[in-house]
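The values are calculated or read from the model by the stated rules, or taken from the named source; none is laboratory data. Since this is a predicted model, take the numbers as computed values, not measurements. Here the Cβ positions follow ideal geometry from the backbone for every residue, glycine too, while neighbour counts run over all protein chains shown. With ligands, DNA and RNA removed, areas are computed over all heavy atoms of the protein, side chains included. Shrake-Rupley method; radii C 1.70, N 1.55, O 1.52, S 1.80 Å.
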Amino acid sequence: MHGTQPLDPSSTPQAARRIEVRGVSKAFGTRADEALELARQGVSKSEILKRTGAVLAIDDVSFSVDAGEIFVVMGLSGSGKSTLVRCLNRLHDPTVGSIEIDGEDILKASEQRLRELRLGKITMVFQHFALLPHRTVAENVEYGLKMRGMGKAERREKALKTLENVGLAGWGDRYPHNLSGGMQQRVGLARALALDPEILLMDEPFSALDPLIRRDMQGELIELQRRYRTTIIFITHDLNEALTLGDHVAVMKDGRLAQVGKPAEIVLNPADDYVSAFTRDIDRGRVLPVRTAIRRAADSAALSALIEKGAASIEGSRPLHEAFGLVSGGKPVVVMGPDGKPEGQFDATDMAAMLAGDDAGKGQPAQVRPETDQTRQGQTKQGQTSQGRS
Amino acid sequence: MSDSMNALRAATDLARPSHYGELPLDDWIQAVVKDWLVPVLRPFFRMLQMPIQMLLDNLQALLLAIPFAVLLIVIVLGAWRAAGRGVAIFTLVSLLLLDWIGIWRETMITLAMILTAVVFCIIVGIPAGILAARSDRAAAVIRPILDVMQTIPSFVYLVPIVMLFGVGMVPAVIATIIFALPPLVRLTNLGIRQVQEELVEAGRAFGSTSRQILWEIQLPLALRTIMTGVNQTLMLALSMAVIGALIGAGGLGLIVNTGLGRLDVGYASVGGLGIVLMAIILDRVTQALGETGKDGKGAGG
Ligand SMILES: Nc1ncnc2c1ncn2[C@@H]1O[C@H](COP(=O)(O)OP(=O)(O)OP(=O)(O)O)[C@@H](O)[C@H]1O
Ligand SMILES: [Mg+2]
């Protein structure tokens, strides 16, 4: 079942490239090619619709996803998120472009090969659940296993176990319409998870959940992804969710990618007004790592001295809000690197400035990229000892 | 005044094609059907006739062979299971009445006839509906055929059917099939097309073939609409009982026709009552079957 991962020269050994999307566009309508031609000439989407009757849902999108990361696509309603994610398993055929999964161009895959991929490697959670109303919850969860040809008893057992994992033990014999929206979405999740997919496409899986369960499910998703190294494409229209979950976040606007980057990059260096308008409402304390609050460079001897004098310390990848208690005394707090060595320090003023978004012109953001990179590796190496995103 | 009117009429008549002679369309059709269609196609149609004849004969023999009490119990229990106590009681009373007024045998003959017609409607109609649902091109071919079938008055195709098949029960069943088929095809098509696109996508996303999607997702979800189609087909078939009797079908239709011929209102009404009671029972039972199709086992939960 595990596909071979060809060595891509551009990828680092730790992070094999899993999905490579290049120049993908999708227009709905009989005159899709014409629509793309017009788009290339810079004609607006509404004008294209008027002239060809075709809807340009995604327009020249490129990005890549590494193995074992959560890649979040974020955008407003109608920006093309669902269309994009449906192109990744070819529920939609892109009008142009190429999509490689583990080095295989899936746009050239035969119907037979596509089914193999969907049965074995790549699966999906639907925005509107898409549960079969005439099947029980357990039968719904079994669906993919049944398609794989697994025996009745075996797949029932697997389904019940997966249901238990998503907190729906005992609901197996009910019908989807007996369940609340949030529960139905968890059935949809279980249906996908039962297949132990290598790649999981999730189209707004948590939008129907209430905030508490939503937070739980986010935590569980991160757990899951750590445990199984599942590669996850996660769609959301909530930037807070995008930034808390994503290793990388792509912001979509009208079918194009406005920005792709790590969460801290999106917050600290928004590519344009559109992205920065989004970032205004986010909960910076949750999204930004403590490390970003460091304002003054300091040598490690001085930092060690501070610790010896009793200054508090915190791991650099923890979210800022966890440091509230530490800075309240007015004393500086030392930031520790993933290797356990001190990286720098900050105090209440630095932290307040960071939370308020008052970071312009300090030259700090330039440092964010390598630092967050390091964070990611640190997290994955340390496994559960890192609580950077709890 | 009247002179000028006549002159005007004479002048405008020049614009009428019939002024120059009549187009013998009826003769042409007669020639095509009688001299070409019938002799060429008769062997083919005779072959079509065989399975219908077989099913009809067996069904009729069976219904007439089963002792009255046994058949009564079977039908009433069936109605109970499918549609509940009320319909079961109604069925019991109706069937007893039908026997009491002396038309049990005719009722069974008509039942065998329409059941045969409906079985063949299902064999042809559901696959045709599935085909139409899965291919727009097939739908574009099938739809006008259905339109024609539904708009031609049944009396018009009775004549060629008699020419091809002769008179008797089987030709009547064939006329019934033509008359009753369209709604089943349409509703099967509609039922499948109405299944939410996202559910079909879910099937594809989990690696189903289109055949698996049909059986696992589309047909179960279309079942209720398809059952509505079966119900409609059944009702239409029953409504052909009288017309079918014109070309040799027996049963209740024959009673009505004979009553009409003799101007015997009583006799005709007895036949009519039989048809109405049968219609009500069959309608309630098939509708109830359609309802269970909708809720599935979920209704119990
Ligand atoms: N099957 C289709 N046929 C025609 N147009 C479509 C189709 N699917 C999507 N579109 C159009 O493509 C655009 C993007 O739709 P999409 O569903 O991808 O948006 P989205 O970002 O997922 O929105 P939401 O957050 O509301 O789910 C919309 O303008 C929509 O009308
Ligand atoms: Mg969507």
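What the table shows:
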item	result
Drop in accessible area of at least 40 Å² in the complex versus isolated chain, residues of the range A:119-146, 1.4 Å probe	A:126, A:130, A:132, A:134, A:143
Derived scalar couplings ³J(HN,Hα) [the range A:64-77; Karplus, 6.51 cos²θ - 1.76 cosθ + 1.60; whole Hz; x for Gly, Pro]	9, 10, 7, 4, x, 10, 9, 9, 9, 10, 10, x, 6, 4
Cross-link reach list, aspartates and glutamates versus residue B:34, counting only Cα pairs under 12 Å and skipping chain neighbours closer than eight places	B:26
Where only alpha carbons of the range B:101-154 are counted, the Rg and the Dmax (Å)	16.1, 52
Cα-based helix-to-principal-axis angle, B:68-83 vs chain B, degrees rounded to 10	80
Per residue accessible area of the protein assembly as shown, 1.4 Å probe, in Å²	48
Cα centroid separation - the range A:268-344 against the range B:207-238, whole Å	62
Spatial extent of the range A:206-364: Rg and Dmax, with the Cα atoms as the point set, Å	17.2, 54
Protein accessible area in the protein assembly as shown, 1.4 Å probe - carbon and sulfur %	58
Share of pairwise Cα separations in the protein assembly as shown, more than 46 Å, in percent	44
In order through the range A:55-63: 3J(HN,Hα) via Karplus (6.51 cos²θ - 1.76 cosθ + 1.60), integer Hz, x for Gly, Pro	9, 8, 8, 10, 9, 6, 9, 9, 6
For the range B:87-191, the fraction of alpha-carbon pairs in successive 5 Å shells from zero, as %	2, 12, 16, 17, 16, 14, 11, 8, 4, 1, 0
Principal-axis tilt of helix B:154-165 within chain B, Cα atoms, nearest 10 degrees	90
Relative frequency of Cα-Cα separations exceeding 12 Å in the range A:107-160, percent	70
Charge dipole magnitude, Cβ of K and R +1, D and E -1 - the protein assembly as shown, Cα centre, debye nearest 20	1040
For the range A:17-285: lysine pairs under 13 Å (alpha-carbon distance), excluding those fewer than 8 apart on one chain	5
Rh by Kirkwood over Cα pairs, then Stokes-Einstein D for the range B:135-247 at 0.692 mPa s and 37 °C, µm²/s	207
Ranking by accessible area, most exposed first, for B:201, A:154, A:37, A:47 with a 1.4 Å probe	A:154, A:37, A:47, B:201
Kirkwood Rh in Å, taken over all unlike Cα pairs in the range B:1-158	21.5
Normalised convex hull volume, the range B:1-84, alpha-carbon set, Å³ per residue	284
For the range B:212-229, residues shielded by at least 40 square angstrom of accessible area compared with the chain on its own, probe 1.4 Å	B:216, B:221
Hydrodynamic radius by Kirkwood, which averages 1/r over all alpha carbon pairs of the range A:17-285, in angstrom	19.3
Phi-based couplings in Hz for the range A:181-195 (Karplus 6.51, -1.76, 1.60; Gly and Pro marked x)	x, x, 5, 4, 5, 5, 5, x, 5, 4, 4, 6, 5, 4, 8
Residue A:258 long-range amide H proximity, modeled H, under 5 Å	A:251, A:252, A:253
Volume of the Cα convex hull of the range B:1-46, divided per residue and given in Å³	83
Calculated log₁₀ intensity ratio I(q)/I(0) where the Debye formula runs over C-alpha points of the range B:167-301, q = 0.09, 0.16, 0.18, 0.20 Å⁻¹	-0.40, -0.86, -0.97, -1.09
Inter-label distance for residue B:48 and residue A:216, nm, one decimal - labels placed 7 Å from Cα along Cα-to-Cβ	6.3
Pairwise burial A:B, computed as accessible area of each alone minus the pair, summed, 1.4 Å, Å²	2100
Mean projected area in nm² (Cα convex hull; one quarter of hull surface) for the range B:52-296	14.6
Residues in the range A:211-253 that a label on residue A:324 would reach, taking backbone N under 19 Å of a point 7 Å out along Cα→Cβ	A:211-212, A:215-216, A:240-241, A:244
Built amide H within the under 5 Å cut-off of residue A:92, gap 5+	A:87
Coordinate range along principal axes, alpha carbons of the range A:298-355, Å, largest first	27, 22, 16
Amide proton proximity set for residue A:343, modelled H, under 5 Å, gap of 5+	A:335, A:336, A:337
Using alpha-carbon coordinates, inclination of helix A:111-120 to the longest axis of chain A, degrees	50
Whether the range B:71-115 is rounded, prolate or oblate, judged on the alpha carbon gyration tensor where a/c under 1.5 counts as rounded	oblate
Mean separation of Cα contacts under 8 Å (6+ apart) over length of chain B, as relative contact order %	21
